[in-house]
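Remarks on the structure that follows.
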Amino acid sequence: MTVLKSDVIKKFQAGNYPAVLTATIYSEYRQYAPEVVPFVISSLAAVGQHKEAELTLALKFEELTPDQLVFIYYHLAVANINSGRFQQAVAFIVKASRLRFLFEDNDSNFYLFMAFAYHRYACGKVRQGLGFAYRAGGFLNRVASPYQLFLWLELMGNLSFLTGDIDNATDYTTEATKAAVDIERTGSVRALTVSVALHLAKYTRDSSAAIARLEKIFADLGPLDAFMKASVCFELVRHNALIGRIDAAHKIYRQALAHASRFASRRMDIIKLLRQIDIHLAEKNFHFCLPVLESVEGHLLRDEDRVYLAEVLDKMSATYFSLSLSKKLNDAEYRLAALTKHTGIYVQRQQRAQIQATGLSATGNLNYRQIAFLAEMQPGQSSDVHSYRQRFGVSEITACRDLSQLTSEKYLLRVGKARATKYIKPDDQYLEIVRMRQQPIPPLVEEQPTFQ
């Protein structure tokens with residue numbers, strides 16, 4: 001029995017859950033030894049057989065100790081969270097917390113606080129998750145198993161990435177990779193490598209370097225890594241859209257859909273829609289993006305969707321800015337600021353980046369329509385009142401007023417009269433000449449003749 005238990009533990013920690021079920025003679029209707037019951041129930045939940053896991057737990061409940069129950073409840077909670085069953089996960093966490101006064105073992109306290117931390121992490125409440133994760137780390141003693149160390153380091157790396165602490169997140173993930181090698185968890189080694197690449201690509205501004213790194217990671221993945229392949233492809237879609245490679249983004253998006261079609265995941269469905277919105281934003285189809293983003297926002301009201309809600313609000317902010325909807329823009333910015341403040345989620349502010357790219361200030365004399373108009377126009381390009389009205393959906397009086405202000409402040413040149421009036425964006429050389437002409441001319445001083 002000792003040999004069987006050690007073999008089951010090794011396979012369980014390596015993430016080979018089907019092998020655990022085979023080693024415990026799974027076909028003989030739950031005739032397991034008490035020592036391997038926690039690993040069998042946890043393996044059943046990990047492979048998606050939640051009802052079978054709960055039934056086995058009910059049958060073997062009286063034979064289990066409080067420490068074994070806490071171990072089982074943690075893995076059941078994690079498996080239910082990964083399957084989107086958050087209410088069932090909360091129920092298992094509550095059951096584990098009720099057993100807290102029945103044990104004094106560090107391992108049980110570790111799994112209890114890890115369950116709290118993982119749930120907060122899945123709900124997007126990152127700061128609370130970090131607090132519980134730090135408390136769980138306090139129960140890791142010097143003789144902690146590599147499996148426990150791997151679980152803690154992996155979670156700390158994910159939480160640190162969400163807060164934007166890239167350096168610590170990379171260190172945690174590197175150590176987690178070493179722990180995964182120690183327990184022969186080869187699948188987790190690949191997953192951690194992909195996770196680091198995806199997080200670094202998310203926060204980098206060098207899209208070309210991110211694309212090269214992700215393509216190399218994608219080439220190393222095997223045929224069974226469909227989920228990781230889909231995740232890498234969707235991130236490639238985002239970066240190709242950011243640098244204007246629309247055709248490549250469409251091609252990779254179709255490839256990502258092919259990989260994602262092998263499994264059903266609500267979160268992956270959200271990511272599909274967000275990457276599609278990225279493509280439309282790159283194509284400047286703002287009027288199409290807005291209703292889709294608002295509909296997605298209406299479905300992201302649960303706690304576990306806070307991470308995606310922050311990304312949606314970020315894209316809505318950029319869309320409102322481009323459409324010059326100032327009131328809605330301020331509302332989206334306020335909600336995004338409140339969400340990132342209370343959850344610790346790190347997002348890149350696309351609207352702020354657009355304003356900085358123009359070299360103008362949204363709080364100065366120009367409004368959001370004028371800033372967006374100047375950002376889109378190239379030097380030497382011309383436009384008229386009709387195009388301005390269609391672009392921003394304003395009246396003719398408002399369009400004429402905005403363009404006249406841009407002309408008076410030397411941002412545009414006015415050419416022609418009446419309906420043939422065109423507004424041209426001058427180049428830098430012309431602006432320098434205008435600036436020099438605006439400087440006061442020093443008065444001429446007649447030179448006095450000198451007598452020798």
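Going by the structure shown, is residue 177 among the polar types (S, T, N, Q) and crowded, with 21+ Cβ neighbours inside 10 Å? Spelling it out, residue 177 is indeed among the polar types (S, T, N, Q) and crowded, with 21+ Cβ neighbours inside 10 Å. Pairs are defined by a Cβ separation below 8 Å, a sequence spacing of at least 6 or placement on different chains, a first member in the range 157-174 that is over 18 Å from residue 120 (Cβ atoms), and a second member that is surrounded by fewer than 17 Cβ atoms within 10 Å (Cβ to Cβ); the pairs so defined are 166/203. Tallying residues that are surrounded by 15 or more Cβ atoms within 10 Å (Cβ to Cβ) and either touching a Pro at 6+ places or on another chain (Cβ under 8 Å) or more than 21 Å from residue 367 (Cβ to Cβ) (or both) within the range 300-325 yields 13. Of all residues in the range 375-400, those satisfying the criterion of being among the charged types (D, E, K, R) and farther than 18 Å from residue 417 by Cβ are 376, 389, 391. If you check 431, 403 for being assigned to a helix (DSSP H, G or I), within 19 Å of residue 323 (Cβ to Cβ) and at pLDDT 55 or above, only one passes: 403. All of (1) buried (at least 18 other Cβ atoms within 10 Å of the Cβ); (2) closer than 21 Å to residue 241 by Cα; (3) without any contact (Cβ under 8 Å) to a residue 24 or more places away in the chain hold for residue 273 with one exception: (1). What residue, of 350, 370, is among the polar types (S, T, N, Q), modelled with pLDDT of 75 or more and closer than 18 Å to residue 286 by Cβ? From the options 350, 370, the qualifying one is 370. Note on the range 104-126: residues that are in contact with a Leu (Cβ under 9 Å, 6 or more places away or on another chain) and at pLDDT below 85 total 5. In this structure, residue 70 qualifies as buried (at least 23 other Cβ atoms within 10 Å of the Cβ), in a helix (DSSP H, G or I) and of a type in the set (Val, Ile, Thr).
Results for (1) surrounded by fewer than 21 Cβ atoms within 10 Å (Cβ to Cβ); (2) of a type in the set (A, V, I, L, M); (3) at pLDDT 80 or above; (4) assigned to a loop (DSSP other than H, G, I, E, B), shown as yes or no for each residue.
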site: 208; (1), (2), (3), (4): yes, no, yes, no
site: 216; (1), (2), (3), (4): yes, no, yes, no
site: 236; (1), (2), (3), (4): no, yes, yes, no
site: 239; (1), (2), (3), (4): no, no, yes, no
site: 248; (1), (2), (3), (4): yes, yes, yes, no
site: 252; (1), (2), (3), (4): no, yes, yes, no
site: 255; (1), (2), (3), (4): yes, no, yes, no
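The values are calculated or read from the model by the stated rules, or taken from the named source; none is laboratory data. Not measured: the values here are computed from a predicted model. Neighbour counts run over all protein chains shown; Cβ positions are idealised from the backbone, glycine included.
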